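Visitor: Please see the structure below; I have some questions.
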Amino acid sequence: MKSLLSFTAGFVVATILVAVSFSFRTEKYDEYIKTSEELLWELEEMCDYHGLDWGDTVCEGDNWSNYCDAREELGLNYLEHYSKVK
């Protein structure tokens, strides 16, 4: 009986630790997504302000395409232009 109680208590504690860890990781993941979007919006705004074509900076090569593909795989929508968000 005592070993069953110990096993149950250990299982409950392990479940709580996993839940807390998952919650923390999800929060950090959401923060990462938010800051990456803000960074890209600032880059777009800076390019517009200085008259630089966005395509000549970030879009050159496969970087933008790869970023959009990664967002799609994560279930995120296309990142709108900064002027449509702010």
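Visitor: Restrict the check to the stretch 24-36 and report whether at least one residue is modelled with pLDDT under 80, loosely packed, with under 10 Cβ neighbours inside 10 Å and either touching a Phe, Trp or Tyr at 6+ places or on another chain (Cβ under 7 Å) or not charged (D, E, K, R) (or both).
Guide: no
Visitor: Hey, can you tell me all the residues within the stretch 62-78 that are assigned to a helix (DSSP H, G or I) and of a type in the set (D, E, K, R)?
Guide: Within the stretch 62-78, the subset assigned to a helix (DSSP H, G or I) is 63-73.
Residues satisfying the conditions are Asp69, Arg71, Glu72, Glu73.
The values are calculated or read from the model by the stated rules, or taken from the named source; none is laboratory data. Note that the coordinates shown come from a computational prediction; the quantities given were computed from them, not determined experimentally. Cβ coordinates were reconstructed from backbone atoms using ideal geometry, including for glycine residues, and neighbour counts include every protein chain displayed.
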